[in-house]
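Accompanying notes for the structure given below.
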Amino acid sequence: MPLRFLGTTSDDGDCPTLYEVEATGDILVQGDRVTDPAQLARLRDVKPTETFVTVPRDLLTRFAPRTEARELVPFADIRELFAEFKHTAWRLETRRSYATDRNSAKWARWKAGADIAAEPVDAWRENVRKQITAGKRFERVRLVDEPLTEGQAFLLASGLGNVAAGEDIRNLTRAEAERLRLPDHDFWLFDSRLLARFVFDENDVTLGVILSEDPAEIAAACQARDAAWHYAVPTVEYADRVRSTG
């Protein structure tokens, strides 16, 4: 079953880490195996299949979920959030490609050589302009490989139009994201209080989102946002960099 990285207290690749089993919501704990005979002797109701690890208390207080897992809902169910948020809508994009992009008419035009950044304003960009005019912020960080995948090259070209509409999009190399131990899943964070985490299948198709106001998850998302934003490169600058090395 797929695992979702929740967090770690290690800065140097050591083991204390929490994961969520996405299909069940169960928590998988990675830590040092318990070998002390005195400790093992005091454990209760031990089954032959069980093993035991120790982790720093800080790992649990910082990253262990404090609420029940929520149900998957269609992405369409959260569309109103992009108009109703009060201050900031922030996105982390981690995938190398998205099925919604590959199946779009814009993808076909881009493959044919069209300048998709210069196309007429669509509903997304119109809403971005409206929210920016109202004093709100639309921001996102996209993880990129070097060299770019085809899906990332498409998003870089398309993103220039979003930037022109007022969205602040920045790019961060995957190697840097791994160094920063950023999450390996996509999400939107609204007003630093509501998280919408994407769930995809193996073909990059969006299955839906899981909403959460869990304090540990919100705190982890805010920490990821702050770290990613500090190191990410604005889209226009990154596009110039790609062109100069292409």
Residue check for residue 101: charged (D, E, K, R), without any contact (Cβ under 8 Å) to a residue 60 or more places away in the chain and either out of contact with any helix residue (DSSP H, G or I) (no Cβ under 9 Å at 6 or more places or on another chain) or in a loop (DSSP other than H, G, I, E, B) (or both): no
Among the candidates 237, 202, residue that is outside any helix (DSSP H, G or I), free of Cβ contacts under 8 Å to residues at least 12 places away in the same chain and either under 18 Å from residue 81 (Cα atoms) or more than 13 Å from the chain's Cα centre (by Cα) (or both): 202
Search result, residues across region 153-170 that are under 12 Å from residue 238 (Cα atoms) and open to solvent by less than 10 Å² (accessible area, probe 1.4 Å): 159, 169
Criterion violated by residue 69 - all others in (1) outside any helix (DSSP H, G or I); (2) touching a helix residue (DSSP H, G or I) at 6+ places or on another chain (Cβ under 8 Å); (3) aliphatic (A, V, I, L, M); (4) surrounded by fewer than 18 Cβ atoms within 10 Å (Cβ to Cβ) satisfied: (2)
Test set (1) farther than 26 Å from residue 220 by Cβ; (2) part of a helix (DSSP H, G or I); (3) open to solvent by 80 Å² or more (accessible area, probe 1.4 Å); (4) not aliphatic (A, V, I, L, M) - residue 77 fails condition number: (1)
Boolean, residue 5 is under 26 Å from residue 201 (Cβ atoms) and touching a helix residue (DSSP H, G or I) at 6+ places or on another chain (Cβ under 7 Å): no
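Taking the conditions exactly as written (at pLDDT 95 or above, over 30 Å from residue 28 (Cβ atoms) and either part of a loop (DSSP other than H, G, I, E, B) or open to solvent by 60 Å² or more (accessible area, probe 1.4 Å) (or both)), does residue 114 satisfy them or not? Quick ask: steps written out before the conclusion?
On the way: at pLDDT 95 or above: yes; over 30 Å from residue 28 (Cβ atoms): yes; either part of a loop (DSSP other than H, G, I, E, B) or open to solvent by 60 Å² or more (accessible area, probe 1.4 Å) (or both): yes.
Considered against the rule, which asks whether it is at pLDDT 95 or above, over 30 Å from residue 28 (Cβ atoms) and either part of a loop (DSSP other than H, G, I, E, B) or open to solvent by 60 Å² or more (accessible area, probe 1.4 Å) (or both), residue 114 comes out as yes.
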Among the residues listed as 106, 130, 86, the single one being in a loop (DSSP other than H, G, I, E, B), touching a residue at least 24 places away in the same chain (Cβ under 8 Å) and farther than 30 Å from residue 23 by Cβ: 86
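Are any residues in region 171-185 assigned to a loop (DSSP other than H, G, I, E, B) and open to solvent by 30 Å² or more (accessible area, probe 1.4 Å), and if so, which ones? Explain how you work it out, then say what you get.
Start the filter on region 171-185 by keeping residues that are assigned to a loop (DSSP other than H, G, I, E, B), which leaves 180-185.
Across region 171-185, the qualifying residues are 180, 181, 184.
Output the number of residues of region 84-107 satisfying the condition of being open to solvent by 60 Å² or more (accessible area, probe 1.4 Å) and either out of contact with any Gly (no Cβ under 9 Å at 6 or more places or on another chain) or of a type in the set (A, V, I, L, M) (or both). Don't jump to the end; show me each part of the working.
If we filter region 84-107 for residues that are open to solvent by 60 Å² or more (accessible area, probe 1.4 Å), which is where we start, we get 84, 86-87, 95-96, 100, 102-103, 105.
Going one step further and asking which of them are either out of contact with any Gly (no Cβ under 9 Å at 6 or more places or on another chain) or of a type in the set (A, V, I, L, M) (or both), we end up with 84, 86, 100, 103, 105.
So the count comes out to 5.
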Filter result (outside any strand (DSSP E or B) and surrounded by 18 or more Cβ atoms within 10 Å (Cβ to Cβ)) within region 186-199: 186
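The values are calculated or read from the model by the stated rules, or taken from the named source; none is laboratory data. The structure displayed is predicted, hence computed values, not measured ones. All Cβ positions, glycine included, derive from the backbone under ideal geometry; neighbour counts span all protein chains shown. Heads up: the accessible areas ignore ligands, DNA and RNA and are worked out on the full protein's heavy atoms, side chains in. Shrake-Rupley method; radii C 1.70, N 1.55, O 1.52, S 1.80 Å.
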